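Note sheet for the following structure.
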Amino acid sequence: MGKRKSVKQYTIDKNYLYVLLFIGFMLILILFNYDKIKNLIKNPQLQKEKVSVKQKQEEISVLDAIVHAKLLLGVPEKNYKNHIGEDAIYISIGIDSSEMDLNYANIIITGRVELIGGKILSGKEKNNGNKQVLEFEDPHDSQKYFVSLYYSKSQSITKTKTQLAIVVDDFGIRNNKLLDDFCSLNSNVTFAILPDQKFSKHVMNRAAETGHETMIHIPMEPVSYPRDNPGANAIYVHLSEKEIKRRMEGYIKQFPLCVGANNHMGSFATTDESVMRSVLQVLKDHDLYFVDSRTSQSSIAYDTAKKMLIPTCENQFFLDTPSITDKTLTTKLRQLKYLAKDRDKILVITHCATQDRYDFLKEFIKEIEKLNVELVPVSELFKSKLPEII
């Protein structure tokens, strides 16, 4: 008959078993995560960078919160205006008195701002309670915002025409009768010119002679690259900030008469905030506006430009897609009418590649004369002023 184990010996054996089980579990864990651990050892900054990127993506600005509140309140686009001042962003929101009062709108907007950590600096009533002015500060960059709430029905303002800007992309490749045709169009049509093309500077000078505003059509990396090539000397996501800014400065040097810029292709580049900040900073340094062509639904270019206090707007639709037919023309005019109900500014884009595109655009311009819209160059979209806020 064997000796019976003592309590002490049994406890030691039990602890030894636990240690073996723990070691076995850790070996299995390491085995299944070998590749990740290997990458982390090679690049110890990887995990830190991933966390930083995630945190950056989750940052919501005061402007985002105000826009969200506007949507919750059901405020139409025509009653929402913003203006970039030297010291702050000024926002005007018209409230329908039959739907709600200013105090309710104030609570919703202030609540959304507080939710993202924004600071409420002050709040004032004016015009015997018919207007309220709220001052906020962004928690991320200390940007200040003045929000003016007013009763939209208390202002006897006659509906003015919606401003429409038409941008024609891809100039610079050709110098032929087609260029002459486009130059013969209404001088309020804006031309976007590709840099580093054979006739780029010629188009800029020719457009100036015919009174057309010009902008730089910045070549940017698309998702489909290299199958679709944006052109030589384009902006790619792998480029350093220094190189992106060098290329941007080169574009601007080529086009001293251009007053703004938009993206050519760029469905990949416009989704990268660091790339867009480098691009936009150069435009801001030269007092140029920016138009987001919206070649990707995931583009952050327009929102980034707003946060950087750059005059900006975004493309509402492309005129020449999906085809150039009478049916497409009818559809685009219907789309324009619908947008004009709630907007006082609209921008659309087409291209200069073919004669049928010119004919289509010419007919479109003829048809919009029957609508309550005013054709203007892009820069005119940034000149309208807000009602008095302070």
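Just so you know, all these numbers are worked out from the coordinates, no wet-lab data involved. Predicted model, so just to flag it, every value in this text is computed and none were measured. All Cβ positions, glycine included, derive from the backbone under ideal geometry; neighbour counts span all protein chains shown.
Miscellaneous remarks
- Cross-link pairs K253/K383; K119/K144; K78/K337 - those with Cα-Cα distance over 18 Å: K253/K383
- Footprinting exposure proxy for R174, R206 (fewest neighbouring C-beta atoms within 10 Å first): R174, R206
- Neighbour-count ranking [beta-carbon atoms within 10 angstrom, fewest first] of L179, L329, L257: L257, L329, L179
- Only the Cβ atoms of Lys and Arg (+1) and of Asp and Glu (-1) were treated as charged; on that basis the dipole of the stretch 162-382 about its Cα centre amounts to roughly 80 debye.
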